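Report on the structure given below.
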Amino acid sequence: MLLVSYLFPPIGGGGVTRAVKMARYLAESGWEVHVLTVESAYYATKDESLLKELPTNVTIHRAKEWNPLTGMRAARSQKSAGAQTQPEKNEKQPASQPGLKQRIKKKAVASLKSLKNTLMIPDDMIGWLPDAVKVGEQVIRQHHIPIMFSTSGPYTCHLVARNLKRKTGIKWIADFRDPWTQNMHRTGIAWREAWEERMERSVMREADAVTTVTNGFADNFQNKFGQEISRIEVIHNGFDPNDYTNIEQLADDGKFTCIYTGILYRERNPRLLLEAVAQLIEEQKVDRMLLNLQFAGVFDYPGYTDNIDCVRRFHLEDIVEIMGNLPHKKALAAMKAADTLLLIGDTAPGSGVYIPGKLYEYMAINHPILALSVEGESTKIIRQFGLGEVVDPKDIDQIKAAFLKIYQEWKVQQAEREHSSAKQEHASNSDNKNNIIQRAFDGDLAIYNRQIQARQLGELMEQLM
């Protein structure tokens, strides 16, 4: 089979995991897996360690990308790297006026953004399409590949697959980790959105099957495209039990540690949470000396400083730890060492149908979750499995109350832990972990097991062939 995914190691981040796990477990079950992806180049997150997960019968084919924005993205990322580091306590930044060079650069960036919205359709990666189609056709014909699985975003992956389908007649499954024209993050440019809708409709019509990750996405696709979809299946996102068997044990510093892993941006940001914590400290309901708020991933997107500015405004430099991008195993170790897992969801209209991929990893870690999330599929899962507290991401009083509740429960547990032996605690944690892993193989969490999901995809491909 051919797996078409622009996001693939050494690129890291949450969007990569689905493709990597599908490739790994399909190969281990006997499929000859070929991956069509982009050549190694700049990307905001990298994780070389993910390549080590792949067995030898996964062959990676890399196609070149032409992208006039790549240099700009890299420069902006390097420039903003300082915002990804831990600020010094009581650090004061003097205000400065931008020089002529900075003003010119700012105008150039604005012009490139305008160019992107006009020419880079459906996304910044469209420059990958010509060589990806050329390489993909060669791979399909040389290896006599009968079926293909393309996963988005970026949506360019589906345009590559559509061209390969037209050229070779290969069977094709189009996988949507997020909606396309029904996505809550849209340009608002009417002509562009109409053009993308025609693209998406052709993908839905020409694919032999469509897969997606939530029931809400599937319902919306069917409502919009109806009979144009030949077949649609839900294969959830999830977690890999193998990732949780030998997690590094980090030292306990005795603080109430909350961690968020992933990318933050305008509609998904921690600023109200930071304000809530600052108020609780001022009201002397929590002890700032016992607090540690960790953020692993992208704290401020390249070119922005809104979140780090918020940290400084509320004088939380000694509490907030900005860890930057971590390899997957390191991120899991940090999550395991934390006391509470922060799930900061989108606040844009329609975000309730989204399930952040990190929710499944949090589920496997099995620490309490504090979810700042609008009502929807994520909140249903959290409540169904009793994973933690759910609050309105725009209600500071709810955030304060939930944070205080989890903090107080942690303090009680700390006191109890002092009266229990380390041996008993280790046995309890081990039993808890094994319970989660067992449930992921033959219990209520099996639909979220990456190995079982790969088996689902394999069965679908066999049926289509």
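Annotations for the structure displayed:
- Condition met for Asn90 (over 18 Å from Pro302 (Cβ atoms), part of a loop (DSSP other than H, G, I, E, B) and modelled with pLDDT under 85): yes
- Test result for Ile355, surrounded by 17 or more Cβ atoms within 10 Å (Cβ to Cβ), touching a residue at least 40 places away in the same chain (Cβ under 8 Å), in a strand (DSSP E or B) and not assigned by TED's automatic domain parsing to the domain that holds Trp180: no
- Number of positions in the stretch 277-294 that are crowded, with 16+ Cβ neighbours inside 10 Å and assigned to a loop (DSSP other than H, G, I, E, B): 1
- Residue in the stretch 6-28 that is over 30 Å from Tyr448 (Cβ atoms) and at pLDDT below 95 present: no
- Residues that are aromatic (Phe, Trp, Tyr) and crowded, with 17+ Cβ neighbours inside 10 Å were ranked within the stretch 156-195; the one that is nearest to Thr17 (Cα to Cα) is Phe176.
- Scope the stretch 241-267; condition of a type in the set (Gly, Ala, Ser) and under 23 Å from Leu343 (Cβ atoms); matching residues: Gly262
- Looking only at the stretch 210-231, residues that are in a strand (DSSP E or B) and surrounded by fewer than 16 Cβ atoms within 10 Å (Cβ to Cβ) come to 0 in all.
- Only one entry of Leu332, Leu274 meets the criterion of being part of a helix (DSSP H, G or I) and at pLDDT below 95, and that entry is Leu332.
- Cβ-Cβ distances below 7 Å connect the following pairs, each with a first residue in the stretch 213-233 that is under 17 Å from Ile173 (Cα atoms), a second residue that is of a type in the set (Gly, Ala, Ser) and part of a helix (DSSP H, G or I), and a separation of six or more residues or different chains: Ile232/Ala218.
- Residues of the stretch 196-209 that are part of a helix (DSSP H, G or I) and either surrounded by 13 or more Cβ atoms within 10 Å (Cβ to Cβ) or under 24 Å from the mean Cα position of the chain (by Cα) (or both): Glu196, Glu197, Met199, Glu200, Arg201, Ser202, Val203, Met204, Arg205, Glu206.
- Considering Val38, Val20, the condition of being in contact with a Leu (Cβ under 8 Å, 6 or more places away or on another chain), crowded, with 18+ Cβ neighbours inside 10 Å and of a type outside the set (Gly, Ala, Ser) is satisfied by Val20 alone.
- Figure legend. Inter-residue proximity from the stretch 184-202: first residues charged (D, E, K, R), second residues part of a helix (DSSP H, G or I) and surrounded by 10 or more Cβ atoms within 10 Å (Cβ to Cβ), beta-carbon distance below 7 Å, spacing 6+ or different chains. Indicated pairs: Arg186/Glu193; Arg192/Asn117; Arg201/Phe225; Arg201/Glu228.
- Summed over the stretch 269-287, residues that are farther than 13 Å from Phe403 by Cβ and out of contact with any strand residue (DSSP E or B) (no Cβ under 9 Å at 6 or more places or on another chain) total 3.
The values are calculated or read from the model by the stated rules, or taken from the named source; none is laboratory data. Fair warning: this is a prediction, and the values are worked out from it, not measured in the lab. Cβ coordinates were reconstructed from backbone atoms using ideal geometry, including for glycine residues, and neighbour counts include every protein chain displayed.
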